[in-house]
Amino acid sequence: MEETIQQRGSAVTASPAKRPGGVTFLGVLVIISGILYVISGLLGILASSSSDLTSNQKTTLLVISIVILLIGIIEIAVARGLFRGSNGARLIVAVLNILTIVGALFAAFTPGNQRGTSIGQVVIALIVLALLYSPRANEFFNRSKATTV
């Protein structure tokens, strides 16, 4: 499928960049995470009507569950953006992983923390960033931006 784009008054034909496997892998993980958030949010909303909870507990659980549901919906939208080559989606995932690194490094030096967990979070976040900004991913996101003019 080819698209025609305008560049300084002349038509240029460009084919969409092939999505790298690393970007596809990350997109699938984000979709799975989003689906799990949506399910958790829905279950929390259902649980908030339990007669075993006080009024304050019900309200707190309902609010938290709605936030979790919204996070899941946003994650699914971000995954869709990754699949399409959206730099905005890539930026969202990158920022979240940078925040994960900062939080994990801070937690690693907190007394009583399991340092192995923090180190694992940092390593995974660095792998995600490497996949998002590999030369093939850069080409995919830059070409996708050029063909969606």
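Listing for the model above:
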item: Overall form of the range 19-144 per C-alpha gyration tensor (a/c, 1.5; a/b vs b/c); result: oblate
item: Positive-end residue of Gly116, Ser55, Phe141, charge dipole of the range 19-144 with Cβ unit charges; result: Phe141
item: Convex hull projection area averaged over all views, the range 68-135, Cα basis, nm²; result: 5.3
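Bear in mind that the values in this text are calculations on the coordinates, not laboratory data. These numbers were taken from a predicted model, which means no experiment stands behind them. Using ideal geometry, Cβ is built from the backbone for each residue, glycine included, and neighbour counts are taken over all protein chains shown.
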